[in-house]
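A.B. asks: Take a look at this one; I'll ask things after.
Coordinate-derived values only; no laboratory data. Quick caveat, the model's predicted, so the values are computed rather than measured. A quick note on method: Cβ atoms are made from the backbone with ideal geometry, for glycine too, and the neighbour counts reach across all protein chains shown.
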């Protein structure tokens, strides 16, 4: 089962897919902003399964206010480091 984890010592504390280091924001951004389908995101991030992508998107939409509060800070949004 896919788990989303928050570790202040990894990825600047951004939510990531456990065991991959891939941030939820990166998955959501690929889906929302770049127009990739979940299947295409799996191709983009081979460490992810389709279940991982769907879990990431569900986490993103369930916690969208958390991502919105981070504003345009690239590090906080999971795009740096």
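A.B. asks: Using 0.36 nm per residue, how much length does the chain from residue 3 to residue 51 gain when fully extended, once their Cα-Cα distance is taken away? Write out the running numbers ahead of the final one.
C.D. replies: Values: separation 48, 0.36 × 48 = 17.28 nm, distance 1.01 nm.
Here the segment from residue 3 to residue 51 would lengthen by 16.3 nm.
A.B. asks: For a protection proxy built on the mean count of beta-carbon atoms within 10 angstrom, sort 5-18, 49-62 highest first, please. The partial results should precede the final answer.
C.D. replies: On the way: 5-18: 15.8, 49-62: 17.4.
Answer by packing, highest mean first, reads 49-62, 5-18.
A.B. asks: How much length, in nm to one decimal, is gained on full extension between residue 64 and residue 39, taken as 0.36 nm per residue of separation minus their Cα-Cα distance?
C.D. replies: Result: 6.8 nm gained on full extension.
A.B. asks: Here's something else I'd like to know. How much of the calculated P(r) for the range 4-69 lies past 13 Å, in percent of all Cα pairs?
C.D. replies: Working: 1257 of 2145 pairs.
Counting every Cα pair in the range 4-69, those more than 13 Å apart make up 59 percent.
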